[in-house]
Amino acid sequence: MKKLFHALDNHLEQWLLITFYLMIFLTIIMEVIQRFILSHSTSWGEEVARYAFIYFIWIAVSLCVKERVHLKIELITKVLDNRGKAILLLVGEIVTAIIIAGSIYLSLQPVLLSIEFHSVTDGLRVVKAIFLFAVPFGCTLVLFRVGQNIIKDIRSIINDTPAFEGNDIF
């Protein structure tokens, strides 16, 4: 069980990104073939690709936060010692956590409204809340990764060790 949690912690976003990327790729290829070779297209193909792309983006944001490859200004951190870098990163993560928590709260409102009024998508005719849930789902993943970074930063401050500044994802 511990190995499973470790694998999920290390690779969840990558697995989900590959899944959604394949979904987008295969759906678009199928739509192109149907439209230009068979002179026919589905009403749901574009919708599947669009909603898969929204999930893909939010999961990618979580991966970027986890690996700390999101946009940041490194000029100040270059001149700080270990503890100073960790404190600055910690402040940034706390601000991010506050913004993301607010985003989760605000993004749940459309999901709940969609459930309440039983709204469905135009092409697929499935519950729209499934697709609207992409934003709170992605923000929750981001908040989880921010929490992990906060723990790393606090450990760096306490132990006066180099702060985790991120890994390359490519």
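The values are calculated or read from the model by the stated rules, or taken from the named source; none is laboratory data. All figures in this text were calculated on a predicted structure; none of them were measured in a lab. Here the Cβ is made from the backbone with ideal geometry for all residues, glycine too, and neighbour counts use every protein chain on show. The protein model used for the area step is the full one, side chains on, heavy atoms only, and it has no ligands, DNA or RNA in it. Shrake-Rupley method; radii C 1.70, N 1.55, O 1.52, S 1.80 Å.
Brief remarks on what is shown
- Choice from Tyr51, Tyr105, Tyr21 showing the highest fluctuation, given a GNM over the chain with Cα pairs closer than 10 Å: Tyr105
- Figure note: Val79, Val142, Val69 ranked by solvent-accessible area, largest first, 1.4 Å probe, ligands and nucleic acids not counted: Val79, Val69, Val142.
- For Ile37, solvent-accessible area (1.4 Å; no DNA, RNA or ligand), Å²: 120 Å²
- Share of carbon and sulfur in the accessible heavy-atom surface of the chain [1.4 Å probe, %]: 72 percent
- In this rough spin-label picture, where each label sits 7 Å from Cα along the Cβ direction, the Leu108-Val69 distance is 3.1 nm.
- Its DSSP H runs of at least 4 residues, each contributing -39,500 (n - 2.57), put the calculated 222 nm mean residue ellipticity of the chain at -26000 deg cm²/dmol, to the nearest 500.
- Nearest-ten-degree value, helix 134-159 long axis tilted from longest Cα axis of the chain: 10 degrees
- Heavy-atom accessible surface of Glu46, to the nearest 10 Å², is about 130 Å², with a 1.4 Å probe and all protein chains retained.
- In order along the range 19-35, the phi-based Karplus estimate (6.51 cos²θ - 1.76 cosθ + 1.60, θ = phi - 60°) of 3J(HN,Hα) comes to 4, 5, 5, 4, 4, 4, 4, 5, 5, 5, 4, 4, 5, 5, 4, 5, 6 Hz; Gly and Pro are listed as x.
- Once all protein chains are placed together, His70 keeps about 70 Å² accessible to a 1.4 angstrom probe.
- Reducing the range 46-75 and the range 112-170 to their Cα centroids gives an inter-centroid distance of 9 Å.
- Largest first, the residues Lys3, Lys78 sort by 1.4 Å accessible area into Lys3, Lys78.
- Proximal aspartates and glutamates to Lys85, defined as alpha-carbon separation beneath 13 angstrom and excluding residues fewer than eight positions away on the same chain: Glu74, Glu93, Asp153, Asp160, Glu165
- Listed by chain and number, the lysines whose C-alpha is less than 25 Å from the C-alpha of Lys2, apart from same-chain residues fewer than 8 away, are Lys66, Lys152.
- Net +/- balance of residues flanking Phe131 in space, Cβ distance below 14 Å, scoring K and R +1, D and E -1: 0
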